[in-house]
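**Q** Sharing a structure below in structure tokens format, with a few things to ask.
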Amino acid sequence: MAGEDCVRKRQSGSATTYNEEKQRKPESERSFQNSSNGRVDVDHVITRKMQLIAEAEQLKPAFMKEVDSHFTEFVNSLVAKSALLDSSSPASIFPASCSEKELHKAKTLRAPPEHGKIFTARKSLLDELFEVSHIRTIYHMFIALLIVFILSTLLVDFIDEGRLVLGFDLLVYVFGKFPIVFCTWLCMFCATVIIPYNLFVWWAQGYCSSSHRVIRSLSYGMLFTLFQTAGLGFGPTYIAVSYALPPASRFIVILEQVRLVMKAHSFVRENVPRVLSSVKDKSSTVPIPRISQYLYFLFAPTLIYRDNYPRNPTIRWGYVATKFAQVLGSLFYAYYIFVRLCIPQFHNSSQETFNLRGLVLCIFNSILPGVLILFLVFFAFLHCWLNAFAEMLRFADRMFYKDWWNSTSYANYYRTWNVVVHDWLYYYAYRDFLWFFGKKFKAAAMLSVFTVSAAVHEYVLSVCFGYFYPVLFCLFACFGVVFNFILNDRRKGPIWNVIMWTSLFLGQGVIICLYSQEWYARQYCPMENPTFLDYLKPRSWSCHMKM
């Protein structure tokens, strides 16, 4: 009897538990279980699934906003801690048992972050985006467009000539006289290695014991300035013009000239304050970088000098080969763009009478090749070329650009399009201008940076094309400054991104149209004994009158 009572109690308890669990079940589960004859109610399952998806979509923005907020706070906190660590005194970082020499070495390793750029290991943005299949598909679409250009060129040549024409006369022409280019670059590089470094070493070694420090500094500063203007400035330009180098060869020489000038300036600008600080602190050692550090900097894809940079542990040679192959592919891409879209349009443009309708059509027909060239320059140089050298040098900071395509203001576009050059302009032009004249002149500092940048861009194009036609200077220094104030950082909506892209498209069309017309005008309307003013006058405005 006792056993039967135990069994009854156990069964009664299990039944009570089952009833309680059944009551606690949601209405949806009970309705699901009560479906007809045990069959699954498909409509109910689909409805419930759609409800869950709708609830998830409603929660998604709030969740992503919360994650972004916490991530931003974390990054800001991390940067603040890093800045505090770098700017704190060496005595607070190292224990008291450290020697004075070690403390001085830590102090002079790098300037505090408020005085310069902080380098950190990070990947290029496109390398991260290409890991997403949707972004990789856009890359594949550009490859498909290149294949279409190739097929179009081959088929048209086959129809016109009756055979396949595989010559690349345009590439052979624009990259002609390469031995002169290589010898010029080698002389520029060797001079940049020897002269600025030795001038700095001689000045630094004798500065502490010199009784005429100001005169000594002015003397060495004048010698360095003379080298920058005459050696690196006038010499390569004279060779490019006197030897009549073709356009692409001139671009190599002049761009390397500008790069080495900026590198030499950064090396001196970063190390002179360290020497002055060590003399002020009465240190027994003078912080002079090793020649190997200076050589590494000359090849590194940055214009800001540091004794040490974050380095990757290994070199991915497959990655290097891929990037150089992409540079070569971009070069052929540009070739087919000029052959199929530019040369047929501008070949006979100088024979037509100048009129407003023709100019407008020319600008809008030049937008497509102009935008494609813009994308190719960005991808080939700022992504592939710089990443290839960074990988070979194990240079870990790959932030050569940011997401400039998402810019809603020209101010942000200028900061993110070319981070390498922007950093140099910001720290050595804008910041030094404010240091010299005061922080009240921020607008003047910005205008001076725009003017210098526009002048250098126009100088490069003038030397490389062989004529002065300040289209880019006007777009950069005039419209660029106006748009920088109008489309400022307060513009955040998507419509401002559309406006930015529209103006960028129109600007590329103007550049391609006007420079191409001037190029062909000077080919068709040469002057026997041109004067200096003839190089400054636009030939495309009057060439049709002489034909």
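The values are calculated or read from the model by the stated rules, or taken from the named source; none is laboratory data. It should be emphasised that the depicted structure is a prediction, and the values quoted were computed from it without experimental measurement. Here the Cβ positions follow ideal geometry from the backbone for every residue, glycine too, while neighbour counts run over all protein chains shown. Calculation scope for accessible area: heavy atoms of the full protein, side chains included, ligands and nucleic acids excluded. Shrake-Rupley method; radii C 1.70, N 1.55, O 1.52, S 1.80 Å.
**Q** Just to confirm the filter: which chymotrypsin sites (Phe, Trp or Tyr not before Pro) across the stretch 138-191 are DSSP coil and have at most 16 other Cβ within 10 angstrom of their Cβ? Please list the in-between numbers first.
**A** Numbers: sites: TYR139, PHE142, PHE149, PHE158, PHE168, TYR173, PHE175, PHE182, TRP185, PHE189; in loops: PHE168, PHE175.
Taking the stretch 138-191 and a limit of 16 other Cβ atoms within 10 Å, the loop chymotrypsin sites (Phe, Trp or Tyr not before Pro) found are PHE168.
**Q** I'd like the carbon and sulfur percentage of the solvent accessible area for the stretch 231-347, probe radius 1.4 Å, heavy atoms only, ligands and nucleic acids excluded.
**A** On the way: 3550 of 5230 Å².
Whole-percent figure for carbon plus sulfur exposure: 68.
**Q** Semi-axes of the equivalent ellipsoid for the stretch 388-435, please: Cα gyration tensor eigenvalues, times 5, square-rooted, ordered largest first, whole Å. Mind dumping the intermediate values first?
**A** Details: eigenvalues 100, 63, 7 Å².
Semi-axes from the Cα gyration tensor: 22, 18, 6 Å.
**Q** Also: At 20 °C and a viscosity of 1.002 mPa s, what translational diffusion coefficient does Stokes-Einstein give for the stretch 454-529, taking Rh as the Kirkwood radius over Cα pairs? Give it in µm²/s as a whole number.
**A** Details: Rh = 14.2 Å.
Stokes-Einstein gives a translational diffusion coefficient of 151 µm²/s.
**Q** While we're on this one: Tally up the carbon and sulfur contribution to the accessible surface of the stretch 442-521 as a whole percent, 1.4 Å probe, everything protein left in place.
**A** Numbers: 2890 of 3670 Å².
The C+S portion of the solvent-accessible surface of the stretch 442-521 is 79 percent.
**Q** Still on this model: Run a plain Debye calculation on the stretch 227-336 (Cα atoms as equal point scatterers, no solvent) and give log10 I(q)/I(0) at q = 0.16 Å⁻¹, rounded to two decimals, same order as the q list.
**A** The Debye formula, applied to the Cα set alone, gives -0.98.
**Q** So what is the accessible area of the stretch 316-443 per residue, in Å², with the probe set to 1.4 Å? Spell out each step's value before the answer.
**A** On the way: 6280 Å² over 128 residues.
Using a 1.4 Å probe on heavy atoms only, each residue of the stretch 316-443 averages 49 Å².
**Q** Ok, one more. If you bin the C-alpha pair distances of the stretch 400-547 every 10 Å from 0, what whole percents do you get?
**A** Bin by bin from 0 Å, the calculated values are 10, 32, 30, 19, 8, 1.
**Q** Return the tail of the calculated pair distribution for the stretch 167-309, meaning the percent of Cα-Cα pairs more than 25 Å apart.
**A** Working: 3833 of 10153 pairs.
That tail contains 38 percent of the Cα-Cα pairs.
**Q** Count neighbours as other Cβ atoms within 10 Å of each site's Cβ, and list the trypsin sites (Lys or Arg not before Pro) in the stretch 228-333 that are DSSP loop with at most 13 such neighbours. Please report the intermediate quantities before stating the final value.
**A** Working: sites: ARG250, ARG259, LYS263, ARG269, ARG274, LYS280, LYS282, ARG290, ARG306, ARG311, ARG316, LYS323; in loops: LYS282, ARG290, ARG306, ARG316.
Of the trypsin sites (Lys or Arg not before Pro), the ones in loops of the stretch 228-333 whose Cβ has at most 13 other Cβ atoms within 10 Å are LYS282, ARG290, ARG316.
**Q** Turning to a different aspect of this structure: Take the Cβ-Cβ distance between ARG316 and ILE118 as r, set R0 to 22 Å, and report the resulting FRET efficiency rounded to the nearest 0.05.
**A** Working: r = 25 Å, r/R0 = 1.13.
Once rounded, the FRET efficiency stands at 0.30.
**Q** Next question, about the same structure. Give me the accessible area per residue for the stretch 167-309, probe 1.4 Å, as a whole number in Å². If you can, show how the numbers build up before the last one.
**A** Numbers: 7070 Å² over 143 residues.
Here the per-residue accessible area is 49 Å².
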